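A.B. asks: What follows is a single structure, and I will ask about it in a moment.
The values are calculated or read from the model by the stated rules, or taken from the named source; none is laboratory data. Worth saying up front: this structure is predicted, and the values here are computed from it rather than measured. So basically every Cβ, Gly included, is an ideal-geometry build from the backbone, and we count neighbours across all protein chains shown. What goes into the accessible areas is simple: the full protein's heavy atoms, side chains included, and nothing from ligands, DNA or RNA. Shrake-Rupley method; radii C 1.70, N 1.55, O 1.52, S 1.80 Å.
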Amino acid sequence: MLTTLSRVIKYGLVGFWRNGWLSTATIAIVFLVLVGFGGLIMFNSLANIVLTDIQDKIDISVYFKTEAPEDRMLEVQRSLESLPEVKSVEYISRDKALETFREQHKDDETVSQALEAIDVNPLAASLNIKARELKDYEAIAGYLEKDTFREITDKVSYTQNVGVIDRLKKIKSTVEQGGLLLIVFISLIAALIIFNTIRLAIYSNREELSVMRLVGASNFFIRGPYMVQGVVYGLIGSIMSAVVVTLGVLYSSPYVKIFVPDVNGWAYYLSNLFGFVAMQVIFGVGLGVVSSYIAVRKYLRI
Amino acid sequence: MIIFQNVTKIYKMDDHETVAVEDINLHIHQKEFVSMVGKSGAGKSTLIKLLTGEEKPTKGKVSFGSYNVNKLKPNELPFLRRKMGVIFQDFRLLPNKNAYENVAFALEVAGRTQQEIMEFVPQALEMVGLKDKMRNFPRELSGGEKQRVAIARAMINHPDVIIADEPTGNLDPVNTWEILKLLLKINELGTTVILTTHNKDIVNSINKRVISVEDGRVIRDEEEGKYILV
Ligand SMILES: Nc1ncnc2c1ncn2[C@@H]1O[C@H](COP(=O)(O)OP(=O)(O)O)[C@@H](O)[C@H]1O
Ligand SMILES: [Mg+2]
């Protein structure tokens with residue numbers, strides 16, 4: 001069995017080498033398909049990170065009336081924190097708000113002069129609330145409408161964000177659905193093309209296949225070398241594609257950073273590198289092996 | 001050892017059918033040397049293909065030793081074929097392998113070790129007189145030499161039967177006799193030989209069993225027969 005296996009592998013490699021042109025063409029197709037596939041996955045995960053990032057920036061701010069006592073405000077914070085929908089609540093006191101405001105406008109003469117002139121802190125204290133899920137913001141906003149809160153709150157800034165949240169939801173589901181559909185479609189086309197290429201290789205060897213059958217070669221002995229070739233196509237194609245996608249991410253991540261400053265595409269890619277390359281190899285090799293397996297079938301009946 | 005029982009083969013094509021052989025009953029014993037003669041199109045090759053399992057009979061039963069040939073599944077056929085050595089008019093060597101590799105291939109598919117291959121292949125090629133052309137590719141060999149490689153390949157697994165379908169059809173008289181002598185020698189060493197031919201001279205000179213086929217039927221079957229033209 002072991003001798004047969006090593007012979008099958010040897011003949012697979014010899015055949016790969018001998019069918020040089022066809023091998024090159026098949027690898028090129030595997031490569032193109034996998035680059036498309038990899039690019040799509042990259043785009044999809046990038047879109048997801050960007051969306052999560054934007055989602056992270058969405059929050060509800062409750063501004064208190066300036067005369068509201070601090071212990072009442074902290075009470076509101078505690079009651080919000082007890083809600084299951086709420087991820088975090090940050091209390092920003094009037095002093096803290098002023099400090100941040102000063103920091104942000106420290107280069108602006110007129111602002112600092114104006115602050116000097118009025119001599120009182122004009123800013124309100126606020127609570128900054130983040131929900132676990134996008135859909136929870138509505139419930140939280142509703143909760144804040146309660147009369148006990150209304151006494152001390154000035155305004156809730158949720159309404160301004162409603163449009164953004166809705167649009168975001170739509171974009172996210174479109175990206176997910178469209179991406180999935182495209183991946184399924186590309187995989188199908190790829191399988192068909194590779195299947196046909198390998199069938200062509202086998203067709204040009206059909207006389208040899210019938211001679212092999214007549215001298216008593218088993219199905220495994222005839223089919224094996226083609227499957228080995230399929231493995232080699234998949235391996236080379238997927239490694240090449242992984243290299244190209246890696247370069248693509250490396251060179252495009254600075255541009256992504258311009259649009260979404262907090263997202264480091266390259267770092268994200270590196271942290272998922274192993275999984276991504278493994279997926280490419282498995283997909284490529286699987287494609288090659290399954291296509292070869294089916295393509296030889298017809299010639300094993302005699 | 002080989003039995004054809006009421007065997008009929010009809011080739012079905014899109015618009016018509018061809019009855020290639022009809023109601024054949026044959027019994028071939030171990031160590032026999034059988035010549036099968038008849039005009040082109042008589043049905044000789046069809047009988048051979050029914051025996052090797054390349055074709056399935058439309059009716060009847062073909063058995064070889066303990067194998068019921070027409071019942072074998074595609075993945076069982078290789079085991080049958082390793083007990084047969086086949087030789088054809090067009091040689092059917094693998095063009096990308098040299099003489100040594102072509103013979104070795106039959107051992108490789110049978111799962112024999114590299115040591116066995118290195119020992120047996122030169123012996124077989126020596127027996128057919130081609131030891132010094134071991135490294136030649138088929139395109140670098142004459143017709144007679146190619147057929148001798150094919151014979152070495154057919155014998156290498158020590159088959160129970162050698163099946164030669166018009167092995168001398170493409171050869172000149174000298175090479176024809178060389179091939180025939182080899183087949184007789186193989187038979188003397190104890191292997192059954194089935195030879196199809198329409199060469200009258202060789203059949204008449206060897207005094208072995210002759211089965212005459214015409215229009216898909218056996219019309220004559222004689223021990224020490226002659227090729228009688230009708
Ligand atoms: N694969 C096939 N398909 C259809 N008809 C065939 C096929 N092979 C042989 N025949 C027909 O069967 C008959 C017998 O052919 P064959 O067995 O090759 O004869 P022989 O070998 O004696 O010359 C012929 O009429 C031939 O045309
Ligand atoms: Mg014939």
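A.B. asks: When only Cα pairs under 8 Å and 6 or more residues apart are kept, what is the percent relative contact order across region A:143-302?
C.D. replies: Numbers: 94 pairs, mean separation 57.7, N = 160.
It rounds to 36 percent for region A:143-302.
A.B. asks: Can you give the convex hull volume per residue for the Cα atoms of the protein assembly as shown, as a whole number of Å³?
C.D. replies: Numbers: hull volume 121.3 nm³, N = 532.
Roughly 228 Å³ of hull volume per residue.
A.B. asks: Right, something else. Any idea of the accessible area per residue across chain A, 1.4 Å probe, to the nearest Å²? Intermediate results must be reported in sequence, preceding the final value.
C.D. replies: Values: 16890 Å² over 302 residues.
For chain A, the per-residue accessible area is 56 Å².
A.B. asks: Suppose R0 equals 25 Å. What FRET efficiency, 1/(1 + (r/R0)^6) with r the Cβ-Cβ distance, do B:Val19 and B:Phe79 give to the nearest 0.05?
C.D. replies: 0.25
A.B. asks: If you don't mind, there's one more thing I want to ask. With all protein chains present, how much of the accessible area of region B:9-143 (probe radius 1.4 Å) comes from carbon and sulfur, to the nearest whole percent? Can you show the working numbers first?
C.D. replies: Numbers: 3130 of 6460 Å².
Here carbon and sulfur together make up 48 percent of the probe-accessible area.
A.B. asks: A:Lys57: which aspartates and glutamates have alpha carbons under 15 Å from its alpha carbon, excluding same-chain residues fewer than 8 sequence positions away?
C.D. replies: Counting by Cα, and skipping residues close in sequence, A:Lys57 has these aspartates and glutamates nearby: A:Glu90, A:Glu133, A:Asp136, A:Asp166, A:Asp262.
A.B. asks: Take the residue pairs B:Lys12/B:Lys49; B:Lys31/B:Lys71; B:Lys39/B:Lys146; B:Lys31/B:Lys131 and return only those whose Cα atoms are more than 20 Å apart. Display every interim value, and only then the final one.
C.D. replies: Working: B:Lys12/B:Lys49 16 Å; B:Lys31/B:Lys71 25 Å; B:Lys39/B:Lys146 25 Å; B:Lys31/B:Lys131 27 Å.
In this structure, B:Lys31/B:Lys71; B:Lys39/B:Lys146; B:Lys31/B:Lys131 lie more than 20 Å apart at Cα.
A.B. asks: Between B:Asn207 and B:Lys181, 0.36 nm times their residue separation minus their Cα-Cα distance comes to what?
C.D. replies: Values: separation 26, 0.36 × 26 = 9.36 nm, distance 1.34 nm.
Result: 8.0 nm gained on full extension.
A.B. asks: In square nanometres and to one decimal, what's the mean projected area of the convex hull around the Cα atoms of chain B?
C.D. replies: Orientation-averaged projected area of the Cα hull: 13.0 nm².
A.B. asks: With r as the distance between the Cβ atoms of A:Ile183 and A:Ala139 and R0 = 35 Å, compute the FRET efficiency 1/(1 + (r/R0)^6) and round to 0.05.
C.D. replies: Numbers: r = 35 Å, r/R0 = 0.99.
After rounding to 0.05, the efficiency reads 0.50.
A.B. asks: Can you compute 3J(HN,Hα) from phi for each residue in region A:234-239, using the Karplus curve 6.51 cos²θ - 1.76 cosθ + 1.60 with θ = phi - 60°, rounded to whole Hz and x for Gly and Pro?
C.D. replies: With the stated coefficients, region A:234-239 comes to x, 4, 5, x, 6, 5 Hz.
A.B. asks: Using mean Cβ contacts within 10 Å as the protection proxy, how do B:186-195, B:77-86, A:228-237 order, highest first? Let's see the in-between values first.
C.D. replies: Working: B:186-195: 19.0, B:77-86: 21.4, A:228-237: 24.0.
By packing density, highest mean first, the sequence is A:228-237, B:77-86, B:186-195.
A.B. asks: What is the gain in length, in nm to one decimal, between B:His29 and B:Lys226 on full extension, counting 0.36 nm per residue of separation less the C-alpha to C-alpha distance? Spell out each step's value before the answer.
C.D. replies: Values: separation 197, 0.36 × 197 = 70.92 nm, distance 1.94 nm.
Here the answer is 69.0 nm.
A.B. asks: While we're here: Just to confirm the number: angle between the C-alpha axis of helix A:109-118 and the first principal axis of chain A, 0 to 90 degrees, nearest 10?
C.D. replies: The two axes meet at around 40 degrees.
A.B. asks: Something else about it: Which distance in nm do the two modelled labels at A:Arg167 and B:Tyr11 give, with both placed 7 Å along the Cα-to-Cβ direction?
C.D. replies: Each label point is offset 7 Å from its Cα along the Cβ direction, giving 7.3 nm.
A.B. asks: Separation between the B:Asn136 and A:Lys257 pseudo-spin-labels, each 7 Å from Cα along Cα→Cβ, expressed in nm?
C.D. replies: Using points 7 Å along Cα→Cβ, the separation is 7.1 nm.
A.B. asks: At 222 nm, what value in deg cm²/dmol follows for the protein assembly as shown if DSSP H runs of at least 4 each add -39500 (n - 2.57) and the sum is divided by all its residues, to the nearest 500? Walk me through the numbers before you get to the answer.
C.D. replies: Numbers: 19 runs with 300 residues, N = 532.
Result for the protein assembly as shown, helices only: -18500 deg cm²/dmol.
A.B. asks: Applying 1/(1 + (r/R0)^6) with R0 = 25 Å to the Cβ-Cβ distance of A:Asp107 and A:Lys57, what FRET efficiency is obtained, to the nearest 0.05? Don't skip to the answer; put the middle values down first.
C.D. replies: Details: r = 24 Å, r/R0 = 0.97.
That gives a FRET efficiency of 0.55.
A.B. asks: What's the carbon and sulfur percent of region A:46-142's accessible surface, probe 1.4 angstrom, rounded to a whole number? Provide the component values of the computation, followed by the final result.
C.D. replies: Values: 2850 of 5760 Å².
Answer for region A:46-142 is 50 percent, counting heavy atoms of protein chains only.
A.B. asks: So for the pair B:Asp172, A:Glu99, with labels modelled 7 Å out along Cα→Cβ, what separation do we get in nm?
C.D. replies: That separation, rounded to one decimal, is 10.9 nm.
A.B. asks: Still on this structure, I have one more. If I take every Cα pair under 8 Å that is 6 or more residues apart in chain B, average their sequence separation and divide by the length, what percent do I get for the relative contact order? Could the numbers behind the result be given before it?
C.D. replies: Values: 435 pairs, mean separation 62.1, N = 230.
It rounds to 27 percent for chain B.
A.B. asks: How many Å² of accessible area per residue for chain B, probe 1.4 Å? Before the final figure, lay out each step's value.
C.D. replies: Values: 10520 Å² over 230 residues.
I get 46 Å² per residue for this part.
A.B. asks: How far is helix A:94-104 tilted off the main Cα axis of chain A, in degrees rounded to 10, range 0 to 90?
C.D. replies: Around 60 degrees separate the two axes.
A.B. asks: Relative contact order (percent) for chain A, with alpha-carbon contacts under 8 angstrom and 6 or more residues of separation? Mind showing how you got there, number by number?
C.D. replies: Numbers: 317 pairs, mean separation 93.8, N = 302.
Relative contact order comes out at 31 percent.
A.B. asks: Can you list the GluC sites (Glu not before Pro) in region A:1-87 that are in a DSSP coil and have 12 or fewer other beta carbons within 10 angstrom? Can you show the working numbers first?
C.D. replies: Numbers: sites: A:Glu67, A:Glu70, A:Glu75, A:Glu81, A:Glu85; in loops: A:Glu67, A:Glu85.
Loop-located and lightly packed - A:Glu67.
A.B. asks: Return an integer: the convex hull volume of the alpha-carbon atoms of chain A, in Å³ per residue.
C.D. replies: Once divided by residue count, the hull of chain A is 178 Å³.
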